[in-house]
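Structure first, commentary second.
The values are calculated or read from the model by the stated rules, or taken from the named source; none is laboratory data. Remember, predicted model here, so these are calculated numbers, not experimental data. Positions of Cβ are backbone-derived with ideal geometry, glycine not excepted, and every protein chain shown enters the neighbour counts.
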Amino acid sequence: APWVSHSMIGDGLWGLLRLDPMFPLLAMKDWSASSLMRNPYRAARALISEHAQVTPVELFSQLGPESILVLYQHNPPFWQPPQQIGTPLLWLAGMRDALLSEADERRSAAFYGADYVAIPGAGHNIMMEPTQAKTAAQVHEWLVAQGIR
């Protein structure tokens, strides 16, 4: 899912507004998330750190016009998070995420009872950052510790 926090309205919306106050109005024009990512600079500012493994132009070329409805359908009143989850969860958060604050990420992880790992220096798209190999190793170690091979 593009947004995995339990409430984009409570968590991600403020980050979106900080990045681009015009985004909600522009998004209503065509129900697309493209207005937030309307050029390489804006996309990079929202999704990656300045040290990312991809350039803003490369990132921008990989983005599609995902429907804004996908972002909103995982939020009240359309959806409520499950109260009990029977699966171990790992919550990864980039410490330089421009969309979601660490406090919001920690709160969402706690809400789900997830193990929380903060990735220093990483933006929102943590696997596009120089720390991607270390992050993958952390995920692997966590899976092994859970008995998942």
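On the basis of being modelled with pLDDT of 90 or more, closer than 24 Å to residue 38 by Cα and not polar (S, T, N, Q), does residue 115 make the cut?
Values: modelled with pLDDT of 90 or more: yes; closer than 24 Å to residue 38 by Cα: no; not polar (S, T, N, Q): yes.
Taking the combined requirement at face value, the residue does not satisfy it.
Can you find a residue in the stretch 74-86 that is surrounded by 13 or more Cβ atoms within 10 Å (Cβ to Cβ) and modelled with pLDDT of 95 or more?
No, every residue in the stretch 74-86 fails to be surrounded by 13 or more Cβ atoms within 10 Å (Cβ to Cβ) and modelled with pLDDT of 95 or more.
Scanning for something touching a strand residue (DSSP E or B) at 6+ places or on another chain (Cβ under 7 Å), modelled with pLDDT under 75 and over 15 Å from residue 124 (Cα atoms), does the stretch 15-35 turn up at least one residue?
Yes.
Scan the stretch 122-149 for residues that are among the small types (Gly, Ala, Ser) and touching a strand residue (DSSP E or B) at 6+ places or on another chain (Cβ under 8 Å) and jot them down.
Correct list: 122, 123.
Looking only at the stretch 27-64, count how many residues are of a type in the set (D, E, K, R), surrounded by 14 or more Cβ atoms within 10 Å (Cβ to Cβ) and assigned to a helix (DSSP H, G or I). I'd like the intermediate steps shown before the answer.
Here is the first cut: in the stretch 27-64, the residues of a type in the set (D, E, K, R) are 29-30, 38, 42, 45, 50, 58.
Restricting the remaining residues to those that are surrounded by 14 or more Cβ atoms within 10 Å (Cβ to Cβ) gives 38, 42, 45, 58.
From what is left, the residues that are assigned to a helix (DSSP H, G or I) are 42, 45, 58.
Result for the stretch 27-64: 3.
In the stretch 83-126, how many residues are assigned to a loop (DSSP other than H, G, I, E, B), farther than 24 Å from residue 20 by Cβ and either in contact with an Asp or Glu (Cβ under 7 Å, 6 or more places away or on another chain) or not β-branched (Val, Ile, Thr) (or both)? Break it down into steps so the answer makes sense when it comes.
Filtering the stretch 83-126 for residues assigned to a loop (DSSP other than H, G, I, E, B) gives 83-89, 95-101, 113-114, 120-125.
Restricting the remaining residues to those that are farther than 24 Å from residue 20 by Cβ gives 83-89, 113-114, 120.
With the extra rule that they be either in contact with an Asp or Glu (Cβ under 7 Å, 6 or more places away or on another chain) or not β-branched (Val, Ile, Thr) (or both), the set shrinks to 83-84, 86, 88-89, 113-114, 120.
Total satisfying the criteria: 8.
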